[in-house]
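The next block holds one structure in the form of structure tokens; read it before the comments.
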Amino acid sequence: MFELLGVPPQALFGQVLLGLINGSFYAILSLGLAVIFGLLNIINFTHGAQYMMGAFVAWMCLNYLGLNYWAALLLAPIIVGATGVAVERLLLKRIAHLDHLYGLLLTFGLALIIQGVFRNQYGSSGLPYAIPPQLTGGQNLGFMFLPNYRAWVIVASLVVCLGTWFLIEKTKLGAYLRAATENPTLTQAFGINVPLLVTLTYGFGVALAAFAGVLAAPIYSVNPNMGGDLIIVVFAVVVIGGMGSIMGAIITGFSLGLIEGLTKVFYPEGAATVIFVIMVLVLLVKPAGLFGRTA
């Protein structure tokens, strides 16, 4: 069996696949954070808990209502996004005129409350969620075995990420959102309901986190800590890509997932810290991030 750079191809391509899977979640979650921060200037520390809520809603749909994975993939983002709308209307709207630190502290506190509620109800051991029958099995590519579900996760995340970018950058609705961000008073004068746009934008960013949670449910166990373990890495991804940069979040998410996967092959000891090392280096060279704009 030949080797690539001294590594068996099965091990190398297996870690590349794992990196793409992690990158898919990094991309969707950092995209949701970038949408919320870029358009609303809110640092949403509840994002990890909302990702966890998406996975739990999928589990509840299956075990309490008998709804399958595909129904949950549609319902969970709507349900969790609706909770985001409520949070924006009832809480975030009241502190919108204050310093960003207040929003950060509020969303951080909400995250702890949500995790505590789910931990008290379901424990911390994790709950299984089966892969849908249509996506079981895999394809033998010769040099590696590609599980169907993992291929689906990569494709679905790419479609959602690029669709979101197109919506915000290339459509009239996206133009309204950007205008409301730059000059809300003038935008309101043209008859556009800016408070409604703000609420729906936050709900959409939360729905992206819930969508990622449903995708993750069959791969990882559904547990209250799954968001807390991931959100710090995702914030590092957002900082590297540039706070508020939509395309930066997508490209950086997938790229850093691949780098993390390859690091596990060539230098396993550094896999847990490589993203944070890159973050420090990027901030030293370009404090606004790779795709960020200097104020």
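The values are calculated or read from the model by the stated rules, or taken from the named source; none is laboratory data. Because the structure is a prediction, the values reported are computed rather than measured. Quick reminder, even Gly has a Cβ in these numbers, built from the backbone with ideal geometry, and neighbours come from all protein chains shown. Each accessible area value is taken on the protein alone, full model and side chains, heavy atoms only, with ligands, DNA and RNA left out. Shrake-Rupley method; radii C 1.70, N 1.55, O 1.52, S 1.80 Å.
Observations
- Conditions (1) out of contact with any helix residue (DSSP H, G or I) (no Cβ under 9 Å at 6 or more places or on another chain); (2) surrounded by 15 or more Cβ atoms within 10 Å (Cβ to Cβ); number of the one not met by residue 72: (1)
- Test for residue 256: is it within 23 Å of residue 151 (Cβ to Cβ), at pLDDT below 90 and not in a loop (DSSP other than H, G, I, E, B): no
- So residue 95, is it of a type in the set (Val, Ile, Thr) and closer than 25 Å to residue 244 by Cα: yes
- Whenever a residue of segment 115-140 is under 26 Å from residue 231 (Cβ atoms), its partners that are aliphatic (A, V, I, L, M) and open to solvent by less than 40 Å² (accessible area, probe 1.4 Å), lying with C-beta atoms within less than 6 angstrom and at least six residues away or across chains, give the pairs 115/49; 127/222; 129/217; 129/222.
- Set 165, 152: member being of a type in the set (A, V, I, L, M, F, W, C), under 22 Å from the mean Cα position of the chain (by Cα) and under 21 Å from residue 62 (Cβ atoms): 152
- The single condition among (1) farther than 19 Å from residue 104 by Cα; (2) open to solvent by 10 Å² or more (accessible area, probe 1.4 Å); (3) not aliphatic (A, V, I, L, M) that residue 248 does not satisfy is (2).
- Output for segment 8-45, where each listed residue is open to solvent by less than 20 Å² (accessible area, probe 1.4 Å) and under 20 Å from residue 197 (Cα atoms): 31, 32, 33, 34, 35, 36, 44
- From the list 287, 218, 224, the lone residue that is surrounded by fewer than 20 Cβ atoms within 10 Å (Cβ to Cβ) and outside any helix (DSSP H, G or I) is 287.
- Qualifying residue in segment 21-37 (condition: within 19 Å of residue 178 (Cβ to Cβ), modelled with pLDDT under 90 and outside any helix (DSSP H, G or I)): no
- Cβ-Cβ contacts under 6 Å between residues 6 or more apart (or on different chains), taken from a first residue in segment 17-40 that is touching a residue at least 60 places away in the same chain (Cβ under 8 Å) to a second residue that is open to solvent by 10 Å² or more (accessible area, probe 1.4 Å) and among the acidic types (Asp, Glu), are listed as 19/260.
- Residue check, residue 67 modelled with pLDDT of 90 or more, outside any helix (DSSP H, G or I) and open to solvent by 10 Å² or more (accessible area, probe 1.4 Å): yes
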